[in-house]
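Chemist: First the structure, then my questions, so here it is.
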Number of protein chains: 2
Amino acid sequence: MWQLYQFPLCPFSRKVRLMLGEKGVGYELVRESPWQRRDEFLHLNPAGQTPVMVQGALALSDSSAICEYFEEVIEKAPMLGGDAAARAEIRRLVAWFDEKFYGEVVAPLMHERMLKRIVHRASPDAKALRDAMRQANAHMDYVDWLLDHRRWLGGPVLSLADLAAAAHISVADYLGGIDWRGHDQTKQWYSGLKSRPSFRPLLAERMEVIGPPAHYDKVDFGE
Amino acid sequence: MWQLYQFPLCPFSRKVRLMLGEKGVGYELVRESPWQRRDEFLHLNPAGQTPVMVQGALALSDSSAICEYFEEVIEKAPMLGGDAAARAEIRRLVAWFDEKFYGEVVAPLMHERMLKRIVHRASPDAKALRDAMRQANAHMDYVDWLLDHRRWLGGPVLSLADLAAAAHISVADYLGGIDWRGHDQTKQWYSGLKSRPSFRPLLAERMEVIGPPAHYDKVDFGE
C-alpha cells in the first residue's frame with residue numbers, strides 16, 4: 001500500500017490524490033506539516049515539500065514526477081492522453097496552475113490565511129489578500145475562455161489539466177479567495193468535478209483551526 | 001524549421017536547447033525579452049515566459065512540456081530513460097533545478113545583475129547577491145553528494161537532470177554566482193558537459209551589457 005505524505009490544504013497533494021482516485025490507486029494518508037521541517041521527512045524529500053509517496057524502498061517526490069509515474073504504470077483512466085501535441089498542451093496547463101496560479105493566488109492565500117495563523121501567530125494582510133483575489137479573478141477569466149473553446153481545460157477529454165486546476169482552485173476556494181460571480185462556465189465545470197468520487201473525500205476534509213465558506217463542499221454551491 | 005523564442009541567459013531555454021542539441025533537432029533562434037511583454041509574444045504564450053517553440057500552427061510553451069514533447073517524438077538520445085522509477089527520479093531532479101535552484105539562486109542573480117541593469121537602471125543589492133551565492137554553495141554540495149553516489153545526476157546515464165542542472169548552473173556562473181572551490185566532483189562533471197557539442201554554442205553567446213567571468217566558457221576553467 002502506498003503512503004502519501006500531505007496536509008489537507010496542500011494543492012499539489014490534492015492534484016496527485018485526484019489522479020490516484022481517477023485511476024483507482026489505493027493509498028494511506030500520512031499527515032505531514034512541511035513547515036515543521038522534520039528530519040525524517042527531509043530524508044524522504046530533501047526539497048521539504050509535500051506530496052511524497054512511499055512504497056517499500058521507493059520514495060517519489062515532486063507532484064509532476066509522481067503524476068507522470070502513475071500515468072506510466074497505470075493504464076486505466078489516462079490523464080495525459082492524445083498525441084504529443086495534445087499532451088504538451090495538457091502539461092502546459094498543469095504548469096500554468098502549479099506555477100502561475102499557485103504563485104499568484106494559492107501561495108499568498110495560504111501564507112496570509114493559514115501559515116500566519118498556524119506558524120507565525122500574526123494577522124493576515126488585507127492588501128495581500130485583495131491582490132490574491134484580484135489575480136484569482138483574472139485566472140478564472142482565463143478558465144472561462146478555455147471552456148468557451150473546449151469541452152475540458154486541456155482538450156476534448158478530462159485530463160491532468162482539469163485535476164491540477166481543480167486542486168488549486170479548491171484550496172483557494174477553501175481559503176475564501178474565489179468570487180464565483182460572473183464565472184458561469186468555470187462554475188459549471190467545477191461543479192461537475194466536485195461531484196466525482198475522486199473529489200468527494202478531499203472536499204470532506206478540514207484543516208484544523210481554519211474553516212471553509214459554506215458553499216465550499218456543495219456540488220451546487222448551495223444555491 | 002522550429003523557431004525558439006529566447007534570450008541568451010534564460011536557463012529554461014538553455015535546458016531545451018541542450019536537449020535539442022543532444023537529439024539533433026534543428027531550430028532557429030528568435031530573440032525575445034519577456035520583460036517587455038510584447039503582445040505578439042503573449043499571444044504565443046499567455047504566461048509570458050521563454051522558451052516558446054513554434055513550427056507552423058503549433059506553439060509549445062513551458063520548458064518541461066517542451067522537453068517531454070521532444071522526448072516523445074524523437075527517439076534518438078533518450079533523456080528520460082530507464083523504468084518508471086528511474087524516470088521519476090530524473091523528473092524530481094529537473095524540478096529541483098527548475099524550481100529550487102532557480103528560485104534560490106538564478107532568479108535573484110538575474111534580478112540583481114541583469115534586470116536591474118537592463119530594466120530598472122538600479123544597482124545590485126549586495127546582501128541579495130551574498131544570499132544567492134550562499135544558496136548556490138549549498139546546492140553545489142548536493143550535486144557533489146549526488147555525484148559521489150552516481151555516474152550522472154539522475155543515475156547511470158546522461159539525462160535531462162544533467163541538462164537542467166547544467167543550464168541553471170551555467171547562468172549562475174555567467175552572473176558570477178558560483179564559487180567552484182571545494183566542489184571537485186561537480187567541477188569535473190560540469191567540465192565534461194561544457195565540452196559537449198550541444199553546450200558549445202550556448203557558452204559562446206553573450207548577453208548585451210553583461211559579461212561573464214574569464215573561466216565561464218573554458219572547459220578546463222582556465223586552469
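Chemist: Could you calculate the contour length gain from A:HIS215 to A:ALA84, that is, 0.36 nm times the residue separation minus the distance between their Cα atoms, to one decimal place in nm?
Modeler: Length gained, A:HIS215 through A:ALA84: 43.3 nm.
Chemist: Follow-up. Please list, short to long, the whole-number percent of alpha-carbon pairs of the protein assembly as shown in consecutive 20 angstrom bins beginning at zero.
Modeler: Per 20 Å bin, starting at 0, the Cα pair percentages come out as 24, 59, 17, 0.
Chemist: Would you mind telling me which residue in A:LEU58, A:LEU202, A:LEU153 has the biggest mean-square fluctuation in a Gaussian network model of chain A, where springs connect alpha carbons within a distance under 10 angstrom?
Modeler: Fluctuation is largest for A:LEU58.
Chemist: Tell me whether segment A:173-223 comes out rounded, prolate or oblate; compute the Cα gyration tensor, take square roots of the eigenvalues as a ≥ b ≥ c, and use a/c under 1.5 as the rounded threshold.
Modeler: Oblate.
Chemist: What is the Cα radius of gyration of chain A over 2.2 N^0.38 Å, N being its residue count?
Modeler: 0.98
Chemist: Taking the Cβ-Cβ separation of B:VAL30 and A:ASP148 as r and a Förster radius of 30 Å, what is the calculated FRET efficiency to the nearest 0.05?
Modeler: Between B:VAL30 and A:ASP148 the formula returns 0.50.
Chemist: How big is the gap, in Å, between the Cα center of segment B:134-182 and the Cα center of segment B:90-114?
Modeler: 11 Å
Chemist: Continuing with this model, one more query. Would you please state the base-10 log of I(q)/I(0) at q = 0.19, 0.20 1/Å for segment B:84-204, with intensities from the Debye formula using one equal scatterer on every alpha carbon?
Modeler: Debye output, listed in q order: -1.03, -1.12.
Chemist: At a Förster radius of 25 Å, what calculated FRET efficiency corresponds to the Cβ-Cβ distance of A:ARG134 and A:GLU223, to the nearest 0.05?
Modeler: In this case the efficiency is close to 0.55.
Chemist: With a/c under 1.5 counting as rounded, go ahead and sort segment A:134-217 into rounded, prolate or oblate using the C-alpha gyration tensor (a ≥ b ≥ c being the square roots of the eigenvalues; past the cut-off, prolate if a/b is larger than b/c, else oblate).
Modeler: Cα axes put segment A:134-217 in the oblate bin.
Chemist: Same structure again: How long, wide and thick is segment B:11-52, going by the Cα atoms along their three principal axes, in whole angstroms, largest first?
Modeler: Between the extreme Cα coordinates on each principal axis of segment B:11-52 lie 32, 17, 15 Å.
Chemist: Sticking with this one: Run the simple label-point estimate for A:ASP184 and A:ARG196 please: 7 Å along Cα→C-beta, distance reported in nm.
Modeler: 2.4 nm
Chemist: Let me ask another. If the reach is capped at under 16 angstrom between alpha carbons, list the lysines near B:LYS15, excluding any in the same chain fewer than eight residues apart.
Modeler: B:LYS23, B:LYS100, B:LYS194
Chemist: Can I ask one more? Rounded, prolate or oblate: which one fits segment A:1-105, using the alpha carbon gyration tensor with axes a ≥ b ≥ c (rounded when a/c is under 1.5, else prolate when a/b beats b/c, else oblate)?
Modeler: oblate
FYI, it's all coordinate maths here, none of it is from the lab. Keep in mind that this is a model prediction, so the values were computed, not measured. Positions of Cβ are backbone-derived with ideal geometry, glycine not excepted, and every protein chain shown enters the neighbour counts.
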